[in-house]
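Structure first, then comments.
Quick note: the coordinates plus some simple rules give every number you see, no bench work behind them. Model, not experiment: these values are computed from the prediction. In this analysis, Cβ positions are derived from the backbone assuming ideal geometry, glycine residues included, and neighbour counts consider all displayed protein chains.
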Amino acid sequence: MGNRETRVVVLAALAIVGGLTLTGCALDATALAPQATTTPTSVDGRGSDDAWPDGSDAKTPSCQDASAAVLAVVNDSLHEASATNGTVESVLPWLSARPDTDLKLWTLTGLVENTETQQGTEGAYFVVFTTDSDPTSPTFDGKISALGVATSMTTLPPLEPAYIGPTDMDDVPPSALGCGTQRAEES
């Protein structure tokens, strides 16, 4: 056999052995690959069916308007607190509702718009509340709790146990602020 023929035979043998080795690796890699799960996920890509708050599931929009009944409860509380404390009354024009599977509650985010105070103009900021009842229901009659700065400006009770965020600066779920921001941009 000449050099040329020897090289062809060696290349053919390497191709066969290499193909078997690669096929073996592919089979091993397939066997080790993570298997797909059938666990339902939440809006955030986490959680299961039992993590969804009342009135929500995987098909629930991640941000939607809360009902007028919910908005009335929150605004009444803001009014009561301002009358008692002598502070400037804030009225929320809307509340965005988001099912939060981490808390197993709905978060409700509203925007307190610029207000004039004796000290000057106070900038716009978000306030966040929670409920375990469906806040999109027109006949809402559930309990609402306040989070973060909202605890100091309403007569609504604070969330118990208190929300503890990923950092000391997070006194409300970041996803609730994201939903509020999305709603504010639509206004």
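In order along the range 55-71, the phi-based Karplus estimate (6.51 cos²θ - 1.76 cosθ + 1.60, θ = phi - 60°) of 3J(HN,Hα) comes to x, 9, 7, 4, 8, 6, x, 6, 9, 8, 6, 6, 6, 4, 5, 5, 4 Hz; Gly and Pro are listed as x.
For the range 62-187, a/c is less than 1.5, where a ≥ b ≥ c are the root eigenvalues of the C-alpha gyration tensor. That puts it in the rounded class. Taking R0 as 45 Å, what's the FRET efficiency between THR87 and ASP57 from their Cβ-Cβ distance, rounded to 0.05? Calculated value: 0.70.
Here each label is just a point 7 Å from Cα along the line to Cβ, and for ASP171 and ASP50 those points are 3.4 nm apart.
Rounded to the nearest 20, the size of the Cβ-charge dipole of the range 62-187 about its Cα centre is 140 debye, with Lys and Arg at +1 and Asp and Glu at -1.
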